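Input: one structure, supplied below.
The values are calculated or read from the model by the stated rules, or taken from the named source; none is laboratory data. None of the values given here were measured: they were computed from a predicted structure. Methodologically, a virtual Cβ is constructed for each residue, glycine included, from the backbone with ideal geometry; neighbour enumeration extends over all protein chains shown. We work out accessible area using only protein heavy atoms, side chains counted, and drop any ligands, DNA or RNA first. Shrake-Rupley method; radii C 1.70, N 1.55, O 1.52, S 1.80 Å.
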Amino acid sequence: MAIADLGDWMDDNTGPHIIWYVKRLSANDTLANGSHQAGPYVPKTVLFDIFPSLNKPAAKDPDAWFDLHIDSHSGDTRKVRAVWYNNKYRGKTRDEARLTNFGGKESALLDPESTGALAVFSFHRDSTDNASVCHVWVCDTEVEADLVEERIGPVDPGEWKLWSVDRQERDLFLDAKPARSSCWMGPDEIPPGWLVKFPSTMEIIQHTLLMRPSHGIQVDKRLMKRRECEFEIFRSVEQAVELPQLRKGFSSVEDFVSRAQTILQRRKSRSGRSLELHAKEIFVEERLLEGVDFQHQPESEPGKSPDFLFPNESSYKDMGFSPENLRMLAVKTTCKDRWRQILNEANRIDQKHLLTLQAGVSEGQFREMSEANVRLVVPEPLVSDYPKSVRPHLQTLESFIGDIRLLNISRKPLAK
């Protein structure tokens, strides 16, 4: 559908007693992994917020049925079940929430090709505060996803967000993960200058390095732990800076909207650069010399600037330097559609490497990437989110760095 249709849909599904649950569909949510538990994951706390009547630990697998309309794919309407599998309270181990009864691959939500797509669930609550109907939009393109994120802020893989127009102040600081970890900073722990001028992403990452040093931590796990820590620091600083103003109130709706947009744009800026800057710091820690073994944001061709070139821009532009010894790494948090953006970068390098945090792709998506000579670099903790047939063809960040080291060795002249 047209972008205008999505804009109208968001307006039509925004209002009192309407709450959005937004996430990027993982391979475990769709049928991309062949999971027997196919259906979007919903945290138990969120399910209880949307369906308070389900919070019955004494009942066996309490559930609620409601009408679900996938408006982005007209005609996709069905009765869906919200269920809390709670046999943990009867001596077993299961304690999770699910939405089920979507009807298999016929549903746009379970279609493997929807893996990585941003999905917006708009729950309309009745007089009992339980949802009676849900309207869904599955974003086919990142252009659509961008339009949603302009309203609610970025939603990264593995995260989720609740949003409603009648509780925006709360929603601005509603965490998608447990509120406080060891990286959360109280106001007295935050550098005073940060409370006056909000720190840059690089400043926060430098602080993350102090809290999550590299000693004894494998590369891929280091990347994931640091990114979580950095996000926690970001959110704690954001709360310390912005919450007092929100509690103080605003003189007009326009003032509140302006402040909210500043917060959302800052979040979007941080999300866009975070992974790239973490990767750069890890390259340095792994004894790759910047400007010698790798180069960040070089110019490959006029107007083209890949995230990383190996070994460096001068080698790339030296026509006597063998293309077989060149590598390019692009960095994109999600890659459902955005992987195509890298195809015209670094023309001398046939195979493009792409580092991503997307929690899985479909076999069809992966086949299309492979045919375009794009190889995915995925942190090891996320590999199990991909279909079994795809996993052997993925490269971890540690493996990629190992290949760069081998190239460096091969370039060095033999000692006489």
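Modelling each spin label as a point 7 Å along the Cα-to-Cβ direction, I'd like the Trp184/Thr77 distance in nm, to one decimal.
4.3
Name the residues whose placed amide hydrogens come within less than 5 Å of the amide hydrogen of Ala330, ignoring near sequence neighbours (fewer than 5 apart) on the same chain.
His353, Leu354, Leu355
Please list 3J(HN,Hα) in residue order for the stretch 279-288, calculated via the Karplus relation 6.51 cos²θ - 1.76 cosθ + 1.60 where θ = phi - 60°; whole Hz, with x for glycine and proline.
4, 4, 4, 5, 4, 5, 4, 8, 6, 8
Still on this structure, please answer the following. Can you list residues from other chains, or at least 5 along the same chain, whose modelled amide H is less than 5 Å from the amide H of Asp29?
Residues meeting the criterion, in which the H sits 1.01 Å from N, do not exist here.
Tell me the carbon and sulfur percent of the accessible area for the chain, rounded to whole percent, probe radius 1.4 Å.
Ligands and nucleic acids excluded, carbon and sulfur give 50 percent.
Here's something else I'd like to know. Would you calculate the separation in nanometres between label points at Lys88 and Arg405, each defined as 7 Å from the Cα along the Cα-to-beta-carbon direction?
Simple spin-label model gives 4.0 nm for this pair.
Still on this structure, please answer the following. Okay, helix-only estimate at 222 nm for the chain: each DSSP H run of n ≥ 4 adds -39500 (n - 2.57), divide by all residues, round to 500 deg cm²/dmol; what do you get?
Helix contribution divided over all residues of the chain: -10500 deg cm²/dmol.
Report ³J(HN,Hα) in whole Hz for each residue of the stretch 213-230, in order, from the Karplus equation J = 6.51 cos²θ - 1.76 cosθ + 1.60 where θ = phi - 60°; Gly and Pro get x.
x, 8, 4, x, 10, 4, 3, 5, 5, 4, 4, 5, 5, 5, 5, 5, 5, 4
Between Val196 and Ala59, with labels modelled 7 Å along Cα→Cβ, what's the label distance in nm to one decimal, could you check?
5.7
How large is the dipole of the chain about the Cα centre if only Lys and Arg carry +1 and Asp and Glu carry -1, each at its Cβ, rounded to the nearest 20 debye?
Dipole about the Cα centre, nearest 20: 1460 debye.
In whole Hz and in residue order, list the ³J(HN,Hα) couplings for the stretch 69-84 that follow from phi through the Karplus curve 6.51 cos²θ - 1.76 cosθ + 1.60, θ = phi - 60°; x for Gly and Pro.
So the J values, rounded to whole Hz, are 10, 8, 5, 6, 10, 3, x, 8, 10, 6, 8, 10, 10, 9, 9, 10.
Go ahead and set up a Gaussian network model of the chain, Cα springs under 10 Å, then flag whichever of Tyr21, Tyr85, Tyr41 fluctuates most.
Maximum among the listed residues: Tyr85.
Please figure out what share of the DSSP beta bridges in the chain is antiparallel and state it in percent, rounded to the nearest 5.
Given both bridge residues lie in the chain, the antiparallel proportion sits at roughly 75 percent.
With Rg and Dmax of the Cα atoms in Å defined as stated, name the option among (1) 22.2, 75; (2) 20.1, 62; (3) 23.0, 85 computed from the structure displayed.
Only one listed value fits the structure, namely (3).
Based on the Cβ-Cβ distance of Phe250 and Glu106, what FRET efficiency does E = 1/(1 + (r/R0)^6) give at R0 = 51 Å, to the nearest 0.05?
0.65
Counting only heavy atoms of protein chains, what accessible area per residue, in Å², does the stretch 57-152 have with a probe of 1.4 Å?
Per residue, the stretch 57-152 has 43 Å² of solvent-accessible surface.
Follow-up. For Asn325 and Glu299, compute 0.36 nm times the residue count separating them, minus their Cα-Cα distance, and round to one decimal in nm.
Contour length minus the Cα-Cα distance gives 7.6 nm.
Out of residues 5 or more away from Tyr386 or on other chains, whose amide H comes under 5 Å of its own, with H placed 1.01 Å from N in the peptide plane?
none
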